[in-house]
Amino acid sequence: MRVIVVCLLICVLYQLYQWAFRKWWDKGLKIQVSCDHEYAYEGDNLHLVETIENRKILPIPALKVKFTTSKFWMFEGVEHGTTTDKFYRNDVFAVGGNERVIRKLPFVCKRRGYFFLGDVDVFGGDYFFSKEFMKRFSNKQWVYIFAKRVSCPKLDFFYKQMMGDMISKKRLFEDPFTFAGIRDYENYDTMRRINWKASAKTGELKVNTYAFTAEQNVNLVLFFEQKNVEWDKNMEEYAISLVATIGEYFIRDRVNVSFYSNGLDAENGNSMSLLEGSGQHHLRRLDECLARIDLLYRDNEMEHEEVFLERALKMDEINLVVTTCQTALLQEKLLQKVEEGYQIRWLLPHYEMDIPKVDERLKEYLLELVSELG
């Protein structure tokens with residue numbers, strides 16, 4: 001009789017526990033999946049942070065957390081996930097009562113992009129592993145992976161040439177940040193110009209002189225060719241890195257930079273654009289624009305050469321056109337704009353073994369750049 005009573009009591013307690021666990025297992029439970037930084041650069045190391053809070057006395061002996069990340073995030077070991085178009089992680093935790101568990105998973109950002117960490121599916125198992133309960137937690141987290149910078153002596157030389165042209169001796173306006181030298185004081189000089197240290201050393205009044213910078217904005221134009229069955233995604237990524245590199249050069253030298261591309265925004269599907277600006281915040285916005293370009297959008301969604309260039313090229317700015325496209329239509333449009341008085345430089349990335357097919361009339365405006373990938 002005692003055995004029967006004990007068995008019945010065990011059954012009652014088991015059912016009571018199952019009922020309590022089913023009712024309260026997710027009460028006070030919070031799950032968040034994020035990165036330890038909101039942005040990084042291609043090739044950098046980041047940590048994916050899984051945070052689990054169990055704000056109740058009832059422990060959860062087996063908590064399975066499932067979510068997706070980008071297939072371009074290389075984790076240390078892939079035994080807890082599978083990779084197709086995305087990387088599907090499947091992590092297991094044991095969480096005690098009133099406990100917070102934080103797990104950091106290191107990974108390498110293999111490609112630039114704008115990555116979304118979406119909802120998290122959580123499966124809670126009881127002590128007997130007899131049943132599993134599921135709940136989906138909302139998790140809206142975005143991470144920017146900025147385009148890497150390229151190391152290209154030819155691009156560096158081109159940039160120095162451009163900056164040399166932009167520093168003019170014509171008195172358009174004086175740039176107080178471009179120091180040119182020291183000369184003797186003249187009657188028309190103001191007190192602010194006096195270099196007191198140099199004056200003390202020489203015993204005569206000396207004043208600072210500055211170069212004169214032509215007010216010249218730079219317009220970065222990034223064009224992707226449509227309806228090309230042989231388009232090379234790696235080369236287009238290299239073109240994006242070129243824009244990021246040359247844009248950073250100009251912005252750090254306080255040159256106003258604008259940006260246009262027929263590449264489509266991963267966030268809203270529109271063509272990318274950024275009005276002129278300078279400074280560190282503007283560089284961040286340029287990096288964000290380049291990170292959000294989704295190369296999976298092709299063909300009918302993207303503007304074609306004639307329509308895009310008519311919109312993107314600016315008469316009063318230096319237009320740096322970065323594209324691998326060499327179609328006759330694109331070259332004719334560039335020639336037309338040159339003849340109309342537009343300032344255009346075409347940056348053409350290609351592999352070392354490739355021979356660009358460029359109209360002879362455009363070659364004086366052309367800078368060929370051999371890709372690091374070649």
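The values are calculated or read from the model by the stated rules, or taken from the named source; none is laboratory data. For clarity, every value in this text was computed on a predicted model and none was experimentally measured. Reconstructed Cβ throughout: ideal geometry from the backbone, glycine too, with neighbour counts over all protein chains shown.
Annotations
- Evaluating Asp91 against the criteria (1) touching a His at 6+ places or on another chain (Cβ under 8 Å); (2) at pLDDT 90 or above leaves one unmet condition, (2).
- So Asn319, is it under 23 Å from Asp359 (Cβ atoms), touching a Leu at 6+ places or on another chain (Cβ under 7 Å) and not assigned by TED's automatic domain parsing to the domain that holds Arg111: yes
- For the criterion of being surrounded by 14 or more Cβ atoms within 10 Å (Cβ to Cβ), at pLDDT 85 or above, among the small types (Gly, Ala, Ser) and part of a strand (DSSP E or B), Ser241 fails.
- Counted residues, the stretch 273-306 - those being surrounded by fewer than 18 Cβ atoms within 10 Å (Cβ to Cβ), under 16 Å from the mean Cα position of the chain (by Cα) and not in a loop (DSSP other than H, G, I, E, B): 7
- Restricting the search to strands (runs of 3 or more DSSP E) fully inside the stretch 82-166 and requiring at least 3 residues that are free of Cβ contacts under 8 Å to residues at least 40 places away in the same chain and in contact with a Pro (Cβ under 8 Å, 6 or more places away or on another chain) gives an empty result.
- Among residues of the stretch 316-331, those that are more than 23 Å from Ser151 (Cα to Cα) and touching a helix residue (DSSP H, G or I) at 6+ places or on another chain (Cβ under 9 Å), counted: 4
- The residues on offer are Gly269, Gly247, and the sole one that is assigned by TED's automatic domain parsing to the domain that holds Leu362, in contact with an Asp or Glu (Cβ under 9 Å, 6 or more places away or on another chain) and surrounded by 19 or more Cβ atoms within 10 Å (Cβ to Cβ) is Gly247.
- Only one of the listed residues (Tyr210, Tyr185) is at pLDDT below 75, over 30 Å from Arg252 (Cβ atoms) and of a type in the set (Phe, Trp, Tyr). That residue is Tyr185.
- Among residues of the stretch 266-282 that are farther than 18 Å from Phe308 by Cβ, those with a beta-carbon under 7 Å from a residue that is of a type in the set (Ser, Thr, Tyr) and in a strand (DSSP E or B) at least six positions away or on a different chain give the pairs Ala266/Tyr114; Glu267/Tyr114; Glu276/Ser258.
- Boolean, Phe259 is in the same structural domain as Asp316 (by TED's automatic domain parsing) and in a strand (DSSP E or B): yes
- Filter result for Val120 (modelled with pLDDT of 90 or more and more than 18 Å from Gly43 (Cα to Cα)): yes
- The residues listed here are Ile344, Ile355, Ile318; of these, the one that is over 16 Å from Val221 (Cβ atoms) and either in contact with a Ser or Thr (Cβ under 7 Å, 6 or more places away or on another chain) or of a type in the set (A, V, I, L, M) (or both) is Ile355.
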